[in-house]
Amino acid sequence: MSRKLTRGFLTVGGWTFGSRLVGFVRDIMMAAYLGAGPVAEAFLVAFSLPNMFRRFFAEGAFNMAFVPMFAKKVEAGEEPKRFASDAFNALGSVLIAVTLIGTLAMPGLVWLMASGFVGDERFGLAVQYGRIGFVYILFISLVALMSGVLNTHGRFTEATLVPVMMNVIFILAMLLAARLGWDMGLTLAWTVPVTGIAQFAFTWWAARRAGYTFLPGRPRLTPELKRLLVIAGPAVLAGGVVQINLLVGRQVASFTEGAVGWLSYADRLYQLPLGVVGIAIGTVLLPELSRRLRAGDHEGGRASFNRGMEFAALLTLPAAVALVVIALPLTSVLYERGAFSPTDARNTALVLAAYGLGLPAFVLHKLFQPLYYAREDTRSPFRYALWSMVVNVIFAVGMMPVIGFLAAALATTVSGWVMFAQLWWGARGMGDAVRPDARLRARLPRIALASVIMGGALWAASMALAGPLATEGLRYGALAALVALGIVTYFGTAFLLGAFRPADMKAQLRRQR
């Protein structure tokens, strides 16, 4: 694996981990100020609306089609700047229309997201907060496109700094609101567009430094843009399917008071490992595979895929085990304070464990999807997403009378594994591109065994530390000891089993392309 690819994984993973940590601090503060009450639930639903459309238009569908085409134009020197500018203007014009329509139709959007809010104060608050913050979709979607340009040129740091900036601004806003006596819900709502403007300005400046100056202009439907739209079409539909899955989860949760908050707070913990590994792989691997396919370097593409799989397994499997085994210590120590009650902590832990079971599947999505998108195949992932959506809806709705709000979390996990199974089965026709090499075949079982051993150690330690974990003043140290034990046990066992060699990373960092 090239030095560039390895450094890309580490750079994106490191900055994304930093962003998730800062975001976690943001959510700890929100839990302390608002708990899982009506204001918290209303804001979380309102904030999820622009984020849902962002994933629909930019980070998922549009960028998955744009990045491979742009990377190939960069590799061939086929006017990449003009293509990027045309894509920027086309996406911007669509987003302006979506922003206006969405702001006007906010009551309907909130009803689609959380009809369980109808008839109480949560509905009116969510509509108010949603109208204030919906313009965020315009700025952050254009940020995603410019970040795709930066990532293609190997400038990962600038693009991954953007989420850190957003979370820092939220933290500062809450501190100001608490100090000056501002309404916390309205403060959070107005912070959303402020962060969008700040993120856009920073990314625009970074893109200009890289040689791309994006200026507003009338969109031109060029042949390249038509091809982009044709390729992006199925990806947009697939993105819509994913968002329907999220809608189903929110709807199920909205009928249990506090459940929207429990799902959101559990998701923040779950996003720590998912962000570090999944986003790092998805961000770096797609342009890398696209360039190698363009150059006809199939063996290099296979090597990149295998090292991506190894990197994913090394960090994802132990994280998944830990999220299941010590879910309650994590949620009680990290969240249980202020307005966040012990009941909130227990229910959040149940959701977190359910999400943990699906963590490997969602990281594997990030690994397998670039195999399709790098070949400009967006239709197959769309078909697979449709089937996973059917599974998600049937499970969530069917199990809601039996297990209540937990059905939403488990449905997400089950549909995630169904999606991965289809991606894996469909990739068999790609030949050697997805064939595991000898090193991967040898190390995967050892990584799994080390994860199981770590899980046993964590379970025993959590039982032994039950008292300190529940004692104010001792619980933070007890949780830190628990996490440290898990890290040392896992990496020590992995090293002894031959699943991990620190020298490999050093060698890859020295190795030239």
Burial ranking of peptide ranges 248-255, 94-101, 397-404 (average Cβ count within 10 Å, highest at the top): 248-255, 94-101, 397-404
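If neighbour count is taken as other Cβ atoms inside 10 Å, put LEU458, LEU44 in order from fewest to most.
LEU458, LEU44
So which trypsin sites (Lys or Arg not before Pro) in the stretch 176-230 pass both tests, a DSSP loop state and at most 10 other Cβ atoms within 10 Å of the Cβ?
none
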Under 10 Å, Cβ to Cβ, from VAL149 - net charge with Lys/Arg +1 and Asp/Glu -1: +2
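Quick note: the coordinates plus some simple rules give every number you see, no bench work behind them. These numbers were taken from a predicted model, which means no experiment stands behind them. Ideal geometry is used to build each Cβ from the backbone, glycine not excepted, and the neighbour counts take in all protein chains shown.
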